[in-house]
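Data block below; observations after.
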Amino acid sequence: EQHTTLWQWGWVSWMAGSLSLLLFCLLLLDYIPSHPLKHFAIAVIAIGVVPDISAEILYAFALPKFTTVPVHYVLLEHIAQLLTGIFANGAYCLGGLILNVLLWRNKTLPRAVVLFGLPSWLIGFGLSAAVIVDDMALAVPFTAISMVWNVLWMLLMGVVIFPHPNKYAVTAHAH
């Protein structure tokens, strides 16, 4: 029982991570000049939250109920992998890559900080590709590297860019 509760709280933290990624990307909007793809990218990321949280609900609450029924367990686990690994992660990476590239249009942003984010999305596409070909041994390192890289970029943005909206936000340069 205690193990199941810890398992569930672990997946709840992943759900919070999904929402945190969306929030981070929403914060990026203030630093991206006007472009038609700007809001499309956010919509794609927001859409990705749905299969991600759905998968995490399966992992957290459905799978523990089917540990004694291997056929159901394997099927649910596979569905969850497809939801999070292909649909959610693919949406996050597509939307995130678009936003990251659009950040380049803000000439006030330090180029190195903008470029630092790109590998996160590209490595994330590798994760989705690994799930598509059902190679979980390959998906694990892609997951680890893309997550760490993304968190480091978020931290970098949070330390270098976000504290200085008057210097870097596009609205600060509109006047």
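Go through the stretch 73-115 and name the trypsin sites (Lys or Arg not before Pro) that are in a DSSP coil and have 10 or fewer other Cβ atoms within 10 Å of their Cβ. Could the numbers behind the result be given before it?
On the way: sites: 105, 107, 111; in loops: 105, 107.
Hits after loop and neighbour filter: 107.
Take each complete run of DSSP H in the chain, measure how far its Cα atoms stretch along the helix's own axis, and keep only those covering 30 Å or more with mean Kyte-Doolittle hydropathy at least -1.0; list them. If you can, show how the numbers build up before the last one.
Details: long enough: 2-28 (39 Å, 0.93); 36-57 (33 Å, 1.38); 111-132 (33 Å, 1.73).
Correct list, ordered by number: 2-28, 36-57, 111-132.
Say the dipole of the stretch 14-165 comes from +1 at the beta carbon of Lys and Arg and -1 at that of Asp and Glu; which of 79, 102, 59 then lies farthest toward its positive end?
102
Tell me which aspartates and glutamates have Cα within less than 15 Å of residue 38's Cα, excluding those fewer than 8 residues away on the same chain?
Output for residue 38: 30.
Stokes-Einstein D for the stretch 123-175 at 37 °C, 0.692 mPa s, Kirkwood Rh over Cα pairs, in µm²/s?
Rounded, D is 251 µm²/s.
Output needed: percent of Cα pairs per 5 Å distance bin for the chain, bins running from 0 to the one holding the longest distance.
Values per bin, smallest distances first: 1, 9, 15, 19, 18, 13, 10, 6, 4, 2, 1, 0, 0.
Projected onto the charge dipole of the chain (+1 at Lys/Arg Cβ, -1 at Asp/Glu Cβ, origin at the Cα centre), which of 159, 128, 5 gives the Cα projection farthest towards the positive end?
Farthest towards the positive pole: 159.
Within the stretch 38-73, find all residues whose amide N lies under 17 Å from a label point positioned 7 Å from the Cα of residue 4 along Cα-to-beta-carbon.
So the set is 57-70, 72-73.
The numbers here are math on the coordinates, done by the rules we state, and not lab data. Treat the numbers as computed from the prediction; the structure is a model and nothing was measured. All Cβ positions, glycine included, derive from the backbone under ideal geometry; neighbour counts span all protein chains shown.
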